[in-house]
Amino acid sequence: MPPDLPLARILDGKALAALIRADLAKQVADLKSKHGITPGIGVLLVGEDPASQVYVRNKAKAAAEVGFYPREVKLPATASEDEVLAVVDEFNNEPAIHGFLVQLPLPTQVDPQRVIDSVEPSKDADGFHVVNTGLVAMGRGGVVPATPLGCMELIKLARKDIAGLEAVVIGRSNTVGKPTAQLLLRENCTVTVAHSRSKDLAAIVRRADIVVAAVGRAEMVRGSWIKPGAIVIDVGINRVADGRLVGDVAFAEAVKVAGAITPVPGGVGPMTIACLLQNTLMLCRRVHDLPA
Ligand code: NDP
């Protein structure tokens, strides 16, 4: 590759998330002064997974900074499914909590699906409940999961009108890959969803104007797979042997080919938190019958 190609525009998720949080802080102040309402967010952490501890801490901190009432509950890794469900029930019935999430993954003795199914859909800040998944898939509202929402905001930062573009989502999880594909379809992209059984992934990615990588494999997507000028959104968070965090895309290679690309860290991660807070504020407005 010639060394003097222009580098891609870096899609700065940290800066965009800060703008969103500043706007949220204004809205929250307004809600408090005009209606006496403080949006409340609940976060349940089960166990001591180091990455989950960091995510939960960051979410609670960001929530407090925009003026939310954050309520963090921690259970030990040995907690039974019933104990987890009891906290979910408490959040479901607590009027001061407008939205909440259960940090995944859960310890093996707890069935994550049972837990997600027990979340009241109108308080489902993560948008993982099947009612919200169905509504989003049908384009009938619902709560859009925060990471896909953040991905779309970053794509829109690179290009406003994406109708007709070829989009490839790598990964088909219910939490990231599938809802991101739905949102891209809603924006009239031609969407391909690739996964571990896809054949010749490099060729599939090469036709993409938009690539969203949500796999969990360090630097799997090489620069040579990227179509020149493509928008590349890297959802992956992988810790490598030397302790660094890297994405699913080989950034140093891809930045020389892509038109726009998100860094890791500082791309999708901060946007996920900002969008989670946005979702919670939306749920708070809904329950109080206030316009969005
Ligand atoms: P999952 O493990 O649930 O899904 C991974 C997906 O990648 C699966 O669909 C799997 O395919 C696919 N896959 C695995 N190996 C390959 C391969 N060799 N080629 C193509 N596809 C493959 O992960 P998540 O969706 O939950 O998360 C993905 C990544 O995003 C992780 O690194 C996670 O840490 C990160 N993440 C980051 C967030 C953020 O805020 N930045 C938020 C959420 C997640 P199959 O279905 O066939 O098994």
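The values are calculated or read from the model by the stated rules, or taken from the named source; none is laboratory data. Only a predicted model underlies this, so the values are computations on that prediction, with no experimental measurement involved. Every residue, glycine as well, gets a Cβ built from its backbone with ideal geometry; the counts of neighbours run over all protein chains shown. Please note that ligands, DNA and RNA were not included when accessible areas were found on the heavy atoms of the full protein model with its side chains. Shrake-Rupley method; radii C 1.70, N 1.55, O 1.52, S 1.80 Å.
For this structure, a couple of remarks:
- Residue match in region 214-229 (condition: more than 12 Å from the ligand (Cβ to nearest atom), closer than 25 Å to Ala163 by Cα, open to solvent by less than 30 Å² (accessible area, probe 1.4 Å) and in a loop (DSSP other than H, G, I, E, B)): yes
- Residue list for region 150-175, restricted to those being more than 21 Å from Ala202 (Cβ to Cβ), assigned to a loop (DSSP other than H, G, I, E, B) and open to solvent by less than 40 Å² (accessible area, probe 1.4 Å): Ile162
- Answer residue from region 183-208, given it is farther than 15 Å from Arg222 by Cα and either of a type in the set (Val, Ile, Thr) or crowded, with 20+ Cβ neighbours inside 10 Å (or both) and is nearest to the ligand (Cβ to nearest atom) among those: Ala194
- Meets criteria (open to solvent by 10 Å² or more (accessible area, probe 1.4 Å), more than 12 Å from the ligand (Cβ to nearest atom) and outside any helix (DSSP H, G or I)) for Pro291: yes
- Test for Ala241: is it within 14 Å of the ligand (Cβ to nearest atom), part of a loop (DSSP other than H, G, I, E, B) and either open to solvent by 40 Å² or more (accessible area, probe 1.4 Å) or not aliphatic (A, V, I, L, M) (or both): no
- Cβ-Cβ under 7 Å pairs, at least 6 apart or on other chains, region 48-60 side touching a residue at least 40 places away in the same chain (Cβ under 8 Å), far side more than 13 Å from the ligand (Cβ to nearest atom) and open to solvent by less than 70 Å² (accessible area, probe 1.4 Å): Ser52/Leu45; Val56/Val43; Val56/Leu45; Lys59/Val43
- Region 87-110, subset within 16 Å of the ligand (Cβ to nearest atom) and farther than 30 Å from His288 by Cα, residue least open to solvent (accessible area, probe 1.4 Å): Leu106
- Filtered by the rule that a residue be open to solvent by less than 10 Å² (accessible area, probe 1.4 Å), under 29 Å from Phe251 (Cα atoms) and touching a Gly at 6+ places or on another chain (Cβ under 6 Å), region 263-288 gives Gly267, Val268, Met271, Cys275.
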